[in-house]
Each structure stands twice: as C-alpha cells, then as structure tokens.
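*Asks:* One structure, as structure tokens, below. Some questions next.
The values are calculated or read from the model by the stated rules, or taken from the named source; none is laboratory data. Keep in mind that what you see is a predicted model, and the values were worked out from it rather than measured. Cβ: placed from backbone, ideal geometry, glycine included. Neighbour counts: every protein chain shown.
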Amino acid sequence: MPFDGAATVNLAPGIVTVELLDGWALEKSTDGGLTFQPVSALLGSPNPNTIRILANQLAFMEFAFLIRQTDGTLAITLGVDLSPRELAGGMLVQSATGSLAGYAVGGARTLDFAVYFKLFSLQSLTLPDGTKQHLYTAFGQQGSLGPVPLPSTALAAEFFNDDIGTIAGTIGPSMTGGALTYTVSAKPDGTVELSGQLFGRFTELDFGPNAIDAIIPTLDADGFPNDEFFYDTSAPFTLTAPDASTATGLLRIRHLLPAP
C-alpha cells in the first residue's frame, strides 16, 4: 500500500524476519501525489532480511531500490578520412603452403597491396642498445563505452592483380578494422630498419626486420627517423591464412604519408 517511505511496527524483543513479498511495485508521482506511475526498479537489499529487536530501542531496516533503464543507447557516428596513410607496393611470393600453395607458381607469385590507415599513435623510443625507434600504431574502431568516445580510427587492406583470388577476396577483407603496428628504427650501425605486423580476423601479415635499402628516411636532430616517405625493396614477409596456410617472400614497401 502507499506510504511516505517509512513505516514503524511495535514488536517484542527478539529476532525478527521481514520479507518483501513477490508482486511489489515501485511507483513515482510527478504531480504531488495525485497520480502514480510504475518505475522500473530492482531490489538491492537482502530479502528476506533479519534483525534483532531490543527493548526500549529503535531498530532500522531498509529495503533499497535501484532505478535503471533496461535498454542501453548506441550512438553511431561516421568518420571520414579523405587522405589516409598507406603502406603500399608489390608482393613477391617465394614459397607457400596449403590453400596458398598456388601463389608460389608462375604469374600468381606477384601481387600488389595497399594498407590504408588513420594513425592512432606515434611513439619515440630509445632502446638499451642505443637504437632510436619510432613505433606506429593504427587499428579499426571496435566501439567504446561513453560518455567520451575513443578517438576516430580506421584501417583497411586491399590486394590487387591476384590471379588466384584468395588473398584479394578473402584475406584482404578479413583485415578490415584490424590492427597495424610497425617500427622504423635508426640502428647504432647506421642502418634504418623496418619491422611490423598487420593483424586481421584469423589472419596475420608479418614483415621485416629489414634494413631499408632504396630510399632511407632522414634522421632528426635527436637521431630518430623522420616521419616521411621511404622505400624498402626487400622486406621479408610471412602471410598466415585462417586455415594456418602460409605464404612467404618479399615486400617492396613504400611509406606514404597523407597528402598535405
């Protein structure tokens, strides 16, 4: 029955148990008590609950209710990157196994690729041996809880001139929204080394480590590679398909920055 939020009952001393019976409802009034409407609520207290009553003392017991919405809210946003970064170039397959075995034969050995991404972070690291390294990170947005969304990110890969079609038609799309990390490292011996990994759904492309050999990025005043175009003609790679088949060979990989 309706009451003002509290009720008192006179009881003899001893242990008593109070139970809120099934069928209860919490209601709210917005017009000063003239009308009431049901409120979606959960009971957040033990039920039944037990307490000891002492002579000549006031004891308190509370049934606390939690008001919540049983539905969440999804905010869908559209992010557009008009000039993504790229790692792009040619792929030469030298050996392959399983479902990718056909890529080690004839004209199927050569493909072209492009990995497009919106850079999430660029970190500068000095390794114990004195290597000055830039660590690049990108990934596809997986969603986040509010109230503040994660920064807008994106990643996708395409393969071209694929005579067989498995890499372009299956592996490439599986990398959409995946994760990319790669390092450009100025080594103490004067070389600048490239190494990285591209992860998709049950697929993986590992490349390097390899000393960049054609167009080498310059170094800044602190000895770190500048974030600029470079071209490596012989980065070793291993491509792993969802069925664990692999293809290995060389990437001719270009580092392409967004258009100014």
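*Asks:* Residue 123 is checked against (1) of a type in the set (S, T, N, Q); (2) without any contact (Cβ under 8 Å) to a residue 24 or more places away in the chain; (3) not in a strand (DSSP E or B) and fails just one. What number does that condition carry?
*Replies:* Among (1) of a type in the set (S, T, N, Q); (2) without any contact (Cβ under 8 Å) to a residue 24 or more places away in the chain; (3) not in a strand (DSSP E or B), residue 123 violates only (3).
This table checks each residue for (1) charged (D, E, K, R); (2) assigned by TED's automatic domain parsing to the domain that holds residue 196.
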residue: 77; (1), (2): no, no
residue: 95; (1), (2): no, yes
residue: 104; (1), (2): no, yes
residue: 121; (1), (2): no, yes
residue: 125; (1), (2): no, yes
residue: 129; (1), (2): yes, yes
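*Asks:* Check 154, 244, 186, 214 and return the single one that is crowded, with 17+ Cβ neighbours inside 10 Å and more than 28 Å from residue 80 (Cβ to Cβ). Reasoning before the result, please.
*Replies:* Details: 154 fails: more than 28 Å from residue 80 (Cβ to Cβ); 244 fails: crowded, with 17+ Cβ neighbours inside 10 Å; 214 fails: crowded, with 17+ Cβ neighbours inside 10 Å.
Every option except 186 fails the conditions.
*Asks:* Same structure again: Please determine, by comparing only the residues of segment 216-238 that are in a strand (DSSP E or B) and aliphatic (A, V, I, L, M), which one is farthest from residue 190 (Cα to Cα).
*Replies:* Initially, segment 216-238 is screened for residues in a strand (DSSP E or B), giving 219, 225, 230-238.
With aliphatic (A, V, I, L, M) added as a condition, the list becomes 219, 235.
Working: 219: 10, 235: 18 Å.
Applying the filter and picking the extreme gives 235.
*Asks:* May I ask you to verify whether residue 66 is within 23 Å of residue 26 (Cβ to Cβ), not β-branched (Val, Ile, Thr) and not in a loop (DSSP other than H, G, I, E, B)? Outline the logic, then answer.
*Replies:* On the way: within 23 Å of residue 26 (Cβ to Cβ): yes; not β-branched (Val, Ile, Thr): yes; not in a loop (DSSP other than H, G, I, E, B): yes.
The answer is yes for residue 66.
Yes/no matrix, rows are residues, columns are (1) surrounded by 10 or more Cβ atoms within 10 Å (Cβ to Cβ); (2) more than 30 Å from residue 14 (Cβ to Cβ):
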| residue | (1), (2) |
| --- | --- |
| 33 | no, yes |
| 43 | yes, no |
| 63 | yes, no |
| 67 | yes, yes |
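*Asks:* Among the residues of segment 94-143, count how many are of a type in the set (Gly, Ala, Ser) and touching a Leu at 6+ places or on another chain (Cβ under 9 Å). It would help to see each step written out before you state the result.
*Replies:* Initial filter on segment 94-143 (of a type in the set (Gly, Ala, Ser)): 95-96, 98-99, 101-102, 104, 106-108, 114, 121, 124, 130, 138, 140, 143.
Add one more test, that the residue is touching a Leu at 6+ places or on another chain (Cβ under 9 Å), and what stays is 96, 114, 121, 124, 138, 140, 143.
Matching residues across segment 94-143 total 7.
*Asks:* Counting only residues that are surrounded by fewer than 22 Cβ atoms within 10 Å (Cβ to Cβ) and closer than 15 Å to residue 100 by Cβ, how many does segment 160-171 have?
*Replies:* Of all residues in segment 160-171, those surrounded by fewer than 22 Cβ atoms within 10 Å (Cβ to Cβ) come to 160-166, 168-170.
Those still in the list that are closer than 15 Å to residue 100 by Cβ too: 162-166, 168-170.
Number satisfying all stated conditions: 8.
*Asks:* Further, regarding this structure: Please tell me if residue 20 is surrounded by 10 or more Cβ atoms within 10 Å (Cβ to Cβ), assigned to a loop (DSSP other than H, G, I, E, B) and not assigned by TED's automatic domain parsing to the domain that holds residue 120. I'd like the intermediate steps shown before the answer.
*Replies:* Numbers: surrounded by 10 or more Cβ atoms within 10 Å (Cβ to Cβ): yes; assigned to a loop (DSSP other than H, G, I, E, B): yes; not assigned by TED's automatic domain parsing to the domain that holds residue 120: yes.
Yes: the conditions hold for residue 20.
*Asks:* Follow-up. Answer yes or no as to whether residue 188 is part of a loop (DSSP other than H, G, I, E, B), in the same structural domain as residue 141 (by TED's automatic domain parsing) and touching a residue at least 40 places away in the same chain (Cβ under 8 Å).
*Replies:* On the way: part of a loop (DSSP other than H, G, I, E, B): yes; in the same structural domain as residue 141 (by TED's automatic domain parsing): yes; touching a residue at least 40 places away in the same chain (Cβ under 8 Å): yes.
In short, yes.
*Asks:* When only residues in segment 128-166 that are assigned to a loop (DSSP other than H, G, I, E, B) and among the polar types (S, T, N, Q) count, which is farthest from the chain's Cα centre (by Cα)?
*Replies:* First pass over segment 128-166, keeping only residues assigned to a loop (DSSP other than H, G, I, E, B): 128-131, 140-153, 161-165.
With the extra rule that they be among the polar types (S, T, N, Q), the set shrinks to 131, 141-142, 144, 152-153, 161.
Numbers: 131: 29, 141: 6, 142: 5, 144: 9, 152: 11, 153: 9, 161: 30 Å.
So, considering only residues that are assigned to a loop (DSSP other than H, G, I, E, B) and among the polar types (S, T, N, Q), the one farthest from the chain's Cα centre (by Cα) is 161.
*Asks:* With the requirement that a residue be of a type outside the set (Ser, Thr, Tyr), more than 15 Å from residue 8 (Cα to Cα) and outside any strand (DSSP E or B), what does segment 45-54 give you?
*Replies:* If the condition is that a residue be of a type outside the set (Ser, Thr, Tyr), more than 15 Å from residue 8 (Cα to Cα) and outside any strand (DSSP E or B), then 46, 47, 48 are the ones that fit.
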